[in-house]
Every structure is written in structure tokens, then in C-alpha cells.
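S.K.: Structure in C-alpha cells, see below.
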């Protein structure tokens, strides 16, 4: 066998590998999370995380002829064993890995916060006398264009909503009836991003938030005092809401991760979540309830991937595991706002 | 191309791991050095990345337990443990297929759709080889293990690894040529 033929055969054998994974590939988020779990919790953890079956809290429909409601609320519950310190360590890692500077818009450019969402819509039809509720999922996308000078005019675009998933014939009929057929993008603009001054989770309101993690957590406790089932669960929801809207300041993003790490009871819900094709580690606060709320990020890059709320029990025509809300957030810099139709 | 140089950092690290008390930092270094290799090795021998990740997690969970007990960790131990757990998974999934059928089917299922006939042919002929020859080629060319690493895993001298590699390649070449001439005659 001459040298050329040998080289060719070696190349063929190498390329015949059924997987392109390599020993030099970077660690996956799941691997990082598992490493943290091992070294910080291994002595106390059982071999495998186990899911407890949550107690059904029940979903009651409001007294109205037709109610359209997006269900949001406290987190569900998941792991036994608890991996609080592993979660905190992973969040601290992620906070450290948030790039110190992100691409900032130059003069005339815009930062775009692009949010794609899956949203559950539940419709209770009391006219039948059965209080039966049916649901369907819609997909929607919004973009917020923030000028280089944030005191300037911001632009908001809401793209046409579409049906993402239905659950049977009645669900399909309701989706056809209620999902708007208007194909146009809805545009609005507001100086300084004050589209809705009552919304404290808006991008514009983020400038006011403390950058020190403990002060930020205290701020969240104060802002949510008296709300929800638990103080810590509500603080978590507070941060999840801000992350869902999008955070453009890396210092604030890092502070939010560190503040979440300080919440007692925070755990890793899933070390390898696939949200719209992007893999990350998800975190939650276990609590009794029918909805689990998670924030998902990549600890290796510090990138926030998204947020989701999952139904843990069948309800309103939807099976357990249905995403009541899943948001994927991406930020980029662009030169101009697309022409408005 | 064979990875000819062993990772000296990893090799040194393995010596350092032979301590008496568990050290999270040392274990983390070991984990970060070898996780991707173990995942790649397992992924080539199982179907579905999720299964491969589960098995890899199990490998490192056992490794951590071993480290906590003060036992040494090394690449050969990791590789052998990974292969054993892959074997367990195959036994668990055992249906009514022969080993050869399974090897061929598994490789086909995992193969990239964009693969050429040549690559498919190489996989088929490798599945026909003696297990020891196939293993050696997979360790060298798929798993990117150096001759020194393979020697450690197999408990033989690096020189013997090179001799076996040469023979295994020659056997594969014979099988490929024979299959080609059979195909040409048809």
C-alpha cells in the first residue's frame, strides 16, 4: 500500500465516524451544570433526580360569558434532593461569563430586542353551562428598536399572530374564531421607550434598577410585597419578567443572574433544555402549583436564552407539559428600522 | 489522521488525581479535560444525543464516587467505564437483531444523510471486521485517541498499537477492495 492510498484510507475511516462530535468540543451547558451538581451536591443527592407529582391546585375560570386569559403564575415544583448551591454556582458562573461589553449601537443605529413567544390562550364558554374551558397556543413575535441615544424615539413592532397548536376540534374552532387574521405588522413609537408607563418591567424602566445583586433582590422583594404565594417565588417571577422583556445592559444582566442566585431555594430545573433549538440550563423555584416557571440561560456564554411556563397537570383542554408561555429573547444591533407597511 | 501526541497536561493530571481526599477543583479539571471525549465516544456508539449525554453523566457520576473514595482516575478507566455503560445500554435495548445487523443498522441510523457511498461502504466493511480490529480503528480515527492513550487503555506497548493499526488498515483495505470488485462484477 503506497503512502497516498494509506492517507486516503485514513481520511475515509476518519470521515466515516457516525458522529461529528470531537474531544475538543467545548463543554455543553448540561455538562457544566452537572459538574456543579456533582462537586457541590453529590454527597447529599440521590443517584437520579426524581420528579414529584404535584398536587392539583385547580384552575378556576372567572365568571364571564367568555374569558380570554393567558395563564401566568407561580412556579411549579420538580426535583427532590434540591440542588440549590449547584444552581447558585451555575448562575454565578453565567454572571461572570456575561461579556463586559456587548455590541453597542453607533450613531443612527438601533439595538433590537427580538422576542418570539408561544402563548396559551384559554377560552371559557359559560354559555354551555358546563364551564368547559378550551385552549390553543399562538405564536407571536415583537421587536423593540432602541436608538443609540435611549432618550430618543423607540419603535415597537408586533408581527401578526398565528396559531401554533390546537387541542382537538373545539380548540381548532376557537383558534379560527379568535386569532386575528390581520396580516399587518402593528407599529408604535414612544420617546424614551415609554410605551406604557404603568409597566415596570419595560425596557425603559430598567435604567432605574440597582446593579448590586443584594440590593436588586431587596428591590424585587419590595416591588412584589404581598403578591403571589411566596416571597421568594414572586421575586423569581419578577426577574423572569424582566428577562423576558429583554435586558440590554450587560451589567444589569449579570446582576440579575447574581440576584437570582441569592434567592433561597433556587434550583436547576433541567440541565439541558432545548428552547427553539437553543440549548441552555433552566432554573426554577420549586413550589406547589400547576405551573412551573423557568428562566433558561447558557452558563458558558452568560447569554439569556429565554423563559417558559409549563403546565404540570392537564388543564383547560391542554395536556401536562404544555408550554403556557415560552419566550426566546435575542438582541442585535441594526442600521435601520424596516419600512412600515 | 491519528492524534499522535497524547495530552501531556491530561496525563500529568491523572497522576495528580491519585490523592487520598476528594478535591472538587482537581475533579473539575479532570471533568473539563475529558467530558467531551467521553461524550464523543459514547455518541458514536449509541443512537440519540440524549442517550449519549445520559450515559456520559453516569460515567462521571461513577467517577466522582470513585474520586470520593480516594481511588485514582485516568483516561483508560474513563474509556473502559464508558464502553461498559454503552454495552449495558445495548443489552438493555437488545431486540431480535444479530450483533452484526445491529452494528450496521446503528451506524446507518447515526450517519449523516449527506454521507457519500464511500463512507457508507467503509462503515459496512468495518462492521464486518473482527471486533478487536474494528475497535482499534474506531479508537484511532473516530475517538481521536493517540497511540499512547490506546496503549494505556489496552495495556500494551505503543509500538504494538502501531503494528495493530497497520494490520487493521490493511484488512479494511482488503475488505473494501473485495467488496468493490464483487460490485464491479455484478
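S.K.: If you count, for each residue, the other Cβ atoms within 10 Å and average over each peptide, how do B:57-68, A:143-154 line up from highest to lowest?
M.R.: B:57-68, A:143-154
S.K.: Once both labels are modelled 7 Å past Cα along the beta-carbon direction, what's the residue A:170-residue A:251 spacing in nm?
M.R.: Taking the simple label geometry, residue A:170 and residue A:251 are separated by 5.4 nm.
S.K.: Nearest 0.05, what FRET efficiency do residue A:162 and residue A:337 give at R0 = 35 Å with Cβ-Cβ as r?
M.R.: That pair, residue A:162 with residue A:337, gives E of 0.95.
S.K.: Give, in nm to one decimal, the length gained when the segment between residue A:15 and residue A:141 is fully stretched (0.36 nm per residue of separation minus the Cα-Cα distance).
M.R.: 41.3 nm
S.K.: Residue B:68 versus residue B:178, label points 7 Å from Cα toward the beta carbon: distance in nm?
M.R.: With each label point 7 Å from Cα toward Cβ, the separation is 5.1 nm.
S.K.: Which distance in nm do the two modelled labels at residue A:221 and residue B:166 give, with both placed 7 Å along the Cα-to-Cβ direction?
M.R.: 7.3 nm
S.K.: What ratio of Cα Rg to 2.2 N^0.38 Å holds for the range A:208-292?
M.R.: 1.09
All of the numbers you see were taken from the coordinates with simple rules; none came from a lab. Everything numeric in this text was worked out from a predicted model, so none of it was measured. Every residue, glycine as well, gets a Cβ built from its backbone with ideal geometry; the counts of neighbours run over all protein chains shown.
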